[in-house]
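The values are calculated or read from the model by the stated rules, or taken from the named source; none is laboratory data. For clarity, every value in this text was computed on a predicted model and none was experimentally measured. FYI the Cβ positions are ideal-geometry reconstructions off the backbone, even for glycines, and counts take in every protein chain you see.
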Amino acid sequence: MVIKQFRKAYLIIMGFLFPLVSYSQLYYRIEADFTTKEKSTSGYENLMMGKVYFDINQRQIVFDVYFPEKEVLIINDTATITVRAGKVKKHELSGNLIDFSVLSLFLKGELDYFGLKNTPFKLEKVEKENGLVISTWIMGDKFVNSPVSKLLLSQKNNNLHGLITFGPGDSIISKQIFTDYILVEGMQFPGRVLQFSPSADGSEFKKITTYKNIVVNSNKNDSFYKYIYRHN
Amino acid sequence: MIKQYKAVQFFNYAKIVKALKSDIHKGFNHYFILSLLLDYIYVLLYLLLFKHQIFINMKKTLLLTVALFVTVFTFAGNADLFDVNEQELNNDFAELTALENYVSQSNFITLSDIQAGKTYDLMGINTDGMGTSSEGQFAFQWEGFLWGFLCCPIGFFVIAVNKNKDSDQKLSYWIGVGASVVFSAITSPIYYTY
């Protein structure tokens, strides 16, 4: 009788505790030191260094940039906003950059498949080659007018390794490679992201982004996580 | 004759396997496919010439050849698409990496500071596109201009005091207002004279 009551009490207590424990595992904030190096065969070069902040509930990625110039760059659902010396510049966006950013995918635990499982793209086939597990994703919804016809996603050691985006006529629109994984709170985060894409002028664009000193669920730097810019 | 055929058959497969080993990691290779096609034709010719002796082997030969073709087309270099030439990448970004290291050690130095103090040799780097995202370059906005030029009282509320419009829109609005004033100043005397 005592054992039965004890079991019941144990189950009730665990029933309350387990959701709390599960909730504590949720990641909602991430910050990191970042460096972006860009180069194009047309001669364009750029170096950007600073710190990036992302709170999944705020739906804006905030870059506190100190090089080339001190400024704050904000990416939200509709625009990119640059704030420098009190001046605000806004450029409207057509695509969703937040949901497919490495930061957002990491927090949502969808980085291994680049969030493709929640898109109209359907998994067509999976192959194993040279230590890579390569999956082919095709547009499964005929009503979606997407410039992307196909995606090749590769995984290495269960981590996202690469993503190749194909456009009309199976031409490569962009290639992204994710390397130098860092263990952050039990999850793998790519410390280096390479991006290659042909530019509109026929040149090739290359970009290297590196992340260091990654912190998740920080209670500090609220002013950046919830950055409010004042229009001039 | 069977021995001779088997020798040739072995030679063919040895060649195919060798080619597979050497070329499979290089992706889709036209010469490799051509060599496989020649091998295939070669085997078929043998089958035609000596079919009475090798009838039993024919099925096996065809199956193996088809299997090899299927393997080749399945392995047509998807993994190679993910290859990155790290050496080339390092060479391409050598100057930017050197600048990155300098900035990291120089405690939040900006490009303007470097250019003003000439503390780092920027000769090998094209800095034209750096740091021009929000300052120095004004991007003319037709929407703001037209509001200012055609209907400035309403445009004042739509653009000038609208929190969602950026500085380029607002400056374009005031350019439009200015252009409207100048245009009116020129055309009004002409209108009232005639």
**Asked** Applying the selection to region A:37-48, what residues are closer than 12 Å to A:Thr209 by Cβ and either crowded, with 21+ Cβ neighbours inside 10 Å or touching a Pro at 6+ places or on another chain (Cβ under 6 Å) (or both)?
**Response** A:Lys37, A:Asn46, A:Leu47, A:Met48
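Which residues, taken from region A:217-232, are surrounded by fewer than 18 Cβ atoms within 10 Å (Cβ to Cβ) and either away from chain B (no Cβ under 12 Å) or under 20 Å from the mean Cα position of the chain (by Cα) (or both)? Give the derivation first.
Kept after step one, since they are surrounded by fewer than 18 Cβ atoms within 10 Å (Cβ to Cβ), are these residues of region A:217-232: A:217-223, A:226, A:228-232.
Those that are surrounded by fewer than 18 Cβ atoms within 10 Å (Cβ to Cβ) and either away from chain B (no Cβ under 12 Å) or under 20 Å from the mean Cα position of the chain (by Cα) (or both): A:Asn217, A:Ser218, A:Asn219, A:Lys220, A:Asn221, A:Asp222, A:Ser223, A:Lys226.
Has region A:36-53 got at least one residue that is modelled with pLDDT under 90 and under 15 Å from the mean Cα position of the chain (by Cα)? Steps first, answer last, please.
Of the residues in region A:36-53, the ones modelled with pLDDT under 90 are A:40-44.
Cutting the leftovers down to under 15 Å from the mean Cα position of the chain (by Cα) gives us none.
No, every residue in region A:36-53 fails to be modelled with pLDDT under 90 and under 15 Å from the mean Cα position of the chain (by Cα).
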**Fill in**
Residue pairs within 7 Å by beta carbon, gap of at least six or interchain, first lying in region B:99-112 and facing chain A (nearest Cβ under 9 Å), second surrounded by 17 or more Cβ atoms within 10 Å (Cβ to Cβ) and charged (D, E, K, R), listed first then second, are B:Glu100/A:Lys37; B:Thr110/A:Glu69; B:Leu111/A:Glu69; B:Ser112/A:Glu69
**Request:** May I ask you to list the residues in region A:90-145 that are basic (Lys, Arg) and surrounded by 15 or more Cβ atoms within 10 Å (Cβ to Cβ)?
**Result:** A:Lys90, A:Lys108
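Quickly run through region A:173-196 and pick out the residues that are among the hydroxyl-bearing types (Ser, Thr, Tyr) and either within 20 Å of A:Met49 (Cβ to Cβ) or surrounded by fewer than 16 Cβ atoms within 10 Å (Cβ to Cβ) (or both).
The answer is A:Thr179, and nothing else.
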**Asked** Hey, does region A:97-113 have a residue that's within 14 Å of chain B (Cβ to nearest Cβ) and of a type outside the set (A, V, I, L, M)?
**Response** no
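Being within 14 Å of chain A (Cβ to nearest Cβ) and either at pLDDT 85 or above or closer than 23 Å to A:Gly50 by Cβ (or both) is true for just one of B:Gly117, B:Gly131. Which residue is that? I'd like the intermediate steps shown before the answer.
Numbers: B:Gly117 fails: within 14 Å of chain A (Cβ to nearest Cβ).
Answer to the selection: B:Gly131.
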**Subset of region A:158-201 that is assigned to a loop (DSSP other than H, G, I, E, B), of a type outside the set (D, E, K, R) and within 14 Å of chain B (Cβ to nearest Cβ) - its residue that is farthest from A:Glu110 (Cα to Cα)** = A:Ser199
**Complete:** A:Ser154 passes all but one of the listed conditions (1) without any contact (Cβ under 8 Å) to a residue 24 or more places away in the chain; (2) surrounded by 15 or more Cβ atoms within 10 Å (Cβ to Cβ); (3) touching a Lys or Arg at 6+ places or on another chain (Cβ under 6 Å); the exception is number (3)
**Item:** Residues (touching a strand residue (DSSP E or B) at 6+ places or on another chain (Cβ under 9 Å), farther than 12 Å from A:Phe114 by Cα and surrounded by fewer than 17 Cβ atoms within 10 Å (Cβ to Cβ)) located in region A:157-172
**Value:** A:Asn157, A:Asn158, A:Gly167, A:Asp170, A:Ser171, A:Ile172
